[in-house]
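The values are calculated or read from the model by the stated rules, or taken from the named source; none is laboratory data. These figures come from a predicted structure and were not determined experimentally. Backbone-built Cβ (ideal geometry, glycine too); neighbour counts: all protein chains shown.
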Amino acid sequence: MKKIASSILSLLGWKCLPTPQEQPKHSIICVAPHTSNLDFIIGKLYYLTQGKPHSFLMKKSWFFFPLGYLLKAIGGIPVNRDKKGDMVTRLADYINSQEEAHVAITPEGTRSYRKEWKSGFYRIALAAGIDIELAVIDYKRKEVGIFEVFTPTGNLDKDIAYIRSRFSKEQAKYPEKYHEYTQEA
């Protein structure tokens, strides 16, 4: 499957970024910017080239019959965004119960323009005691991959500001849908 996914990406003109030397066994994969449904396809192909077990969060409304069965079979985890609960704890426990687990999350939580990021990806990593892998789908350069491994410090605001600073709206399929982080004066 790795070779097939790699071939498809190549045929589409995409290049995989070099994998960071530090390869955690468990991680949250923070994928940004997220402005198109095509992000899912390119991202999924990239993860298949890596040959590591991976899952992804997706809003529950996508998990209807028969699509829901397919999404779950390829690693989809449905999220009910209207229901507040213990998703952070449940995901942290799930990740730590696996020999190896990587869960991709788009911190904007939507393909639409959104000024602030949701903090769930960070809170899950912190609760599980795991790293956050920063992944980009860069449409300008046609590059996809994990470019940095970040260890959360516990300072949510400072850490998320740093993580956001590592992404640019020029990387997005639709730059006008991505709010680029700028350091407050």
Checklist line | Contacts under 7 angstrom Cβ, first residue in segment 97-117 being outside any loop (DSSP other than H, G, I, E, B), partner surrounded by fewer than 23 Cβ atoms within 10 Å (Cβ to Cβ) and aromatic (Phe, Trp, Tyr), 6 or more apart | finding: 103/56; 104/56
Next item on the list: Search segment 79-92 for residues that are modelled with pLDDT under 70 and pair each with any residue that is surrounded by fewer than 17 Cβ atoms within 10 Å (Cβ to Cβ) when their beta-carbon atoms are under 6 Å apart and the residues are at least 6 apart or on different chains.
Entry: 81/59
Notebook entry, point to check: Any residue at all in segment 66-80 that is out of contact with any Phe, Trp or Tyr (no Cβ under 7 Å at 6 or more places or on another chain), surrounded by 17 or more Cβ atoms within 10 Å (Cβ to Cβ), small (Gly, Ala, Ser) and assigned to a helix (DSSP H, G or I)?
Noted result: no
Check: Pick from segment 106-138 the residues that are over 15 Å from the mean Cα position of the chain (by Cα) and modelled with pLDDT of 95 or more: which of them is surrounded by the fewest Cβ atoms within 10 Å (Cβ to Cβ)?
Finding: 129
Notebook entry, point to check: Checking residue 165 against (1) in contact (Cβ under 8 Å) with a residue 24 or more places away in the chain; (2) out of contact with any strand residue (DSSP E or B) (no Cβ under 8 Å at 6 or more places or on another chain); (3) hydroxyl-bearing (Ser, Thr, Tyr); (4) under 17 Å from residue 34 (Cα atoms), which single condition isn't satisfied?
Noted result: (1)
Notebook entry, point to check: Do we have any residue at all in segment 45-56 that's more than 17 Å from residue 102 (Cβ to Cβ) and in a strand (DSSP E or B)?
Noted result: no
